[in-house]
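Here is the structure we will look at.
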Amino acid sequence: MVSKLTPSKVLNALNVLGSYYWSRITQQTRHTGLPISLSIEPTTACNLRCPECPSGLRSFSRNTGKMSIELLDKILREVKAHCTYINFYFQGEPYLHPQFLHMVKLCHDHGIYSATSTNAHFLNSEKAKATVESGLDRLIISIDGADQNTYESYRKEGDLSKVIKGTKNVLYWKKKLKSSTPHIIFQFLVVKPNEHQINEVKLIGDELGVDEVKLKTAQIYDFEDGNDLIPTIDKYSRYQMEQNGKWSIKNPLDNHCWRMWSGAVITWDGKVVPCCFDKDAQHSMGDLHSHSFTEIWNNDQYKDFRASILKSRSEVEMCKNCSEGTQVWG
């Protein structure tokens, strides 16, 4: 990522950092920078039916669709001077977008570090080669079990053998093309049904030769009365049991949030939302079809929302299940 930094990006990052801490200390909203990072949603469609995912549950209140190349090009031209990192993921499976790797190539051509997260079911040899050639910098592959039964207990309708084969394909083409990218990460979402296989998945990652194996805590929607997905290993749980038998999130929900100053999410149809926890884009700050990104980032609605975070974050609905500060990587 350092190789893609420019003086304007460094200056912007310093402005963002300064604005955040000034606002946090004074409890007054101020922002003199633009986002360091963005999450861009290629599509909301997904081939799997994971039980804690709106895409998997087909439970969106917003429409399903895919981002146009024209809209992406508009976004990239607007943000390339200040944005250092773009994650092509919000909801859905990115590789279901027929022009996904063209999207990545556009990002690469604009000098922005790119990443994505995939269930790896579509990484045949052709797609794996194109992935390496696209210039994608980071590829996060979800692998939530060391055997098929455990894997599909969460990744409903998924096939672990496709994940393994897809990973091998990317590793093959990365070596064949003598490419240092993408940096390949196995991401293991720790839930109760798979927590016993943490070490096994690490071994699989080592045997295949991925760059990293990371453990991620799981967001669970109905956690107050307990849930069969909450891990028994406390380290990997976002939730804790209270004395009254109810469960609560470990996050204290302090009245500040780095994400509100450092990044934003753009849905497939051009809505700018403040955070990846706003799955249904209920807090849309504006539409990129009718306004520039800078106009939306600095509009009164966005300023008011940041102010509400500084005033009482616990009263903002999407913040009530926020994991900021509770993630465990290992």
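Just to be sure I understand the filter: pairs with C-beta atoms under 7 Å, separated by 6 or more residues or on different chains, first member in region 145-158 and open to solvent by less than 20 Å² (accessible area, probe 1.4 Å), second member part of a loop (DSSP other than H, G, I, E, B) and of a type in the set (A, V, I, L, M, F, W, C). Which pairs pass?
Partner pairs satisfying both residue conditions: Tyr154/Cys50; Tyr154/Val191; Gly158/Leu48.
Output the residues belonging to region 194-233 that are touching a Gly at 6+ places or on another chain (Cβ under 6 Å) and either among the hydrophobic types (A, V, I, L, M, F, W, C) or open to solvent by 60 Å² or more (accessible area, probe 1.4 Å) (or both).
Hits for region 194-233 are Val213, Leu215.
Yes or no, residue by residue, for (1) of a type in the set (Ser, Thr, Tyr); (2) more than 30 Å from Leu229 (Cα to Cα); (3) surrounded by fewer than 21 Cβ atoms within 10 Å (Cβ to Cβ):
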| position | (1), (2), (3) |
| --- | --- |
| Asn12 | no, yes, yes |
| Leu17 | no, yes, yes |
| Gln27 | no, yes, yes |
| Ser37 | yes, yes, yes |
| Thr43 | yes, no, no |
| Leu48 | no, no, yes |
| Ser61 | yes, no, yes |
| Leu71 | no, yes, yes |
| Phe90 | no, no, no |
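Is there a residue in region 50-58 that is over 22 Å from Ser284 (Cβ atoms), more than 18 Å from the chain's Cα centre (by Cα) and among the acidic types (Asp, Glu)?
No, every residue in region 50-58 fails to be over 22 Å from Ser284 (Cβ atoms), more than 18 Å from the chain's Cα centre (by Cα) and among the acidic types (Asp, Glu).
Name the residue, out of Asn12, Asn87, Asn63, that is within 17 Å of Thr294 (Cα to Cα) and of a type in the set (S, T, N, Q).
None of the other options fit; the residue is Asn12.
Among (1) touching a helix residue (DSSP H, G or I) at 6+ places or on another chain (Cβ under 8 Å); (2) crowded, with 19+ Cβ neighbours inside 10 Å; (3) closer than 18 Å to Arg138 by Cβ, which single condition is Tyr236 missing?
Every condition holds for Tyr236 apart from (3).
Right, Arg49: farther than 26 Å from Ser117 by Cα and modelled with pLDDT under 95 or not?
no
Has region 145-159 got any residue that is of a type in the set (Asp, Glu), touching a strand residue (DSSP E or B) at 6+ places or on another chain (Cβ under 9 Å) and modelled with pLDDT of 95 or more?
Taking every residue of region 145-159 in turn, none turns out to be of a type in the set (Asp, Glu), touching a strand residue (DSSP E or B) at 6+ places or on another chain (Cβ under 9 Å) and modelled with pLDDT of 95 or more.
Taking only region 277-319 into account, find how many residues are closer than 16 Å to Pro35 by Cα and either in contact with a helix residue (DSSP H, G or I) (Cβ under 8 Å, 6 or more places away or on another chain) or of a type in the set (Lys, Arg) (or both).
Here the count works out to 11.
Kindly indicate whether any position in region 181-193 is under 21 Å from the mean Cα position of the chain (by Cα) and open to solvent by 40 Å² or more (accessible area, probe 1.4 Å).
yes
Take region 249-274 and flag every residue that is open to solvent by 30 Å² or more (accessible area, probe 1.4 Å) and over 18 Å from Lys66 (Cβ atoms).
Those that are open to solvent by 30 Å² or more (accessible area, probe 1.4 Å) and over 18 Å from Lys66 (Cβ atoms): Lys250, Pro252, Asp254, Asn255, His256, Trp258, Arg259.
Out of all the residues in region 93-111, which are outside any helix (DSSP H, G or I) and crowded, with 24+ Cβ neighbours inside 10 Å?
The one that is outside any helix (DSSP H, G or I) and crowded, with 24+ Cβ neighbours inside 10 Å: Glu93.
In region 136-152, which residues are of a type outside the set (D, E, K, R), in a loop (DSSP other than H, G, I, E, B) and closer than 14 Å to Tyr85 by Cβ?
Across region 136-152, the qualifying residue is only Leu136.
The values are calculated or read from the model by the stated rules, or taken from the named source; none is laboratory data. Predicted, not measured: the structure shown is a model, and the values here were computed from it. When we count neighbours, we look across all protein chains shown, and the Cβ atoms used for this are built from the backbone with ideal geometry, even at glycine. Please note that ligands, DNA and RNA were not included when accessible areas were found on the heavy atoms of the full protein model with its side chains. Shrake-Rupley method; radii C 1.70, N 1.55, O 1.52, S 1.80 Å.
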